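Q: Below you will find the structure I want to go over with you.
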Amino acid sequence: MRSESTTDYGSQEPPNLSLHLAHPPETNLLCFRLEPAWLPPAAHDALNARVQAALLAQERIFLSLPLYQGKRWLRAVLLNPYTDEHIIERLTTGLARLLRQEHQQQDSSQAPGR
């Protein structure tokens, strides 16, 4: 059984991730979305869907992608018996890496001559 410390650890926003929480965690669920300023708001749902698929394929971390208030959110179950600080660290590292890759792709697609 996981302690509340796992929930607390998961609710700490890592730096530079542009995370938006649906609400402060009160239970074992953490709902968030990536909303980087360098991407138009209309593209945030697609970004979150790509990140969800990439986390599963590359990190073997599953987050669901529910629709909430008309937007797609990433949802993590923190008190899963297999979720520990190591998994959350892999999640935040993976999110940061994927967000950097997305930003680089965005920059290169807007470069002159493209």
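Q: Among Ala46, Ile61, His86, flag the residue with its Cα farthest along the positive direction of the charge dipole of the range 23-109, charges on Cβ as +1 for Lys/Arg and -1 for Asp/Glu.
A: Ala46
Q: Let me ask something else about it. If you put +1 on each Lys and Arg Cβ and -1 on each Asp and Glu Cβ, how big is the dipole of the range 40-100 around its Cα centre, in Debye rounded to 20?
A: Dipole about the Cα centre, nearest 20: 240 debye.
Q: For Tyr68, Tyr82, give the ranking by accessible area with the largest first, probe 1.4 Å.
A: Tyr82, Tyr68
Q: What net charge is computed for the residues neighbouring Ile87, neighbours being all others with C-beta under 10 Å from the C-beta of Ile87, Lys and Arg scored +1, Asp and Glu -1? Provide the component values of the computation, followed by the final result.
A: Values: positive: Arg60, Arg90; negative: Glu59, Asp84, Glu85, Glu89.
Its environment carries a net charge of -2.
Q: Would you check the accessible area of Thr27, probe 1.4 Å, heavy atoms only, in square angstrom rounded to 10?
A: Probe radius 1.4 Å; accessible area of Thr27 about 80 Å².
Q: I would also like to ask the following. To the nearest 10 square angstrom, how much accessible area does Asp107 have with a 1.4 angstrom probe?
A: Counting only protein heavy atoms, Asp107 exposes about 90 Å² to solvent.
Q: Relative contact order of the range 36-104: what whole-number percent is it, with Cα pairs under 8 angstrom and at least 6 residues apart?
A: Relative contact order comes out at 28 percent.
Q: Local charge sum around Trp38 (other residues, Cβ-Cβ under 10 Å, Lys/Arg +1, Asp/Glu -1)?
A: That sum, taken over residues with Cβ under 10 Å, equals -2.
Q: What does the charge count near Glu59 come to, summing +1 for each Lys or Arg and -1 for each Asp or Glu among other residues with Cβ under 14 Å from its Cβ?
A: +3
Q: Then there's this: Would you check the accessible area of His20, probe 1.4 Å, heavy atoms only, in square angstrom rounded to 10?
A: Surface accessible to solvent at His20 totals approximately 80 Å².
Q: Working with all protein chains in place, sort Arg75, Arg100, Arg90 by solvent-accessible area computed with a 1.4 Å probe, largest first.
A: Arg100, Arg75, Arg90
The values are calculated or read from the model by the stated rules, or taken from the named source; none is laboratory data. Bear in mind that the values here come from a model prediction, so they are computed numbers and not experimental data. No Cβ is skipped: glycine too gets one built from the backbone with ideal geometry, and neighbour counts run over all protein chains shown. What goes into the accessible areas is simple: the full protein's heavy atoms, side chains included, and nothing from ligands, DNA or RNA. Shrake-Rupley method; radii C 1.70, N 1.55, O 1.52, S 1.80 Å.
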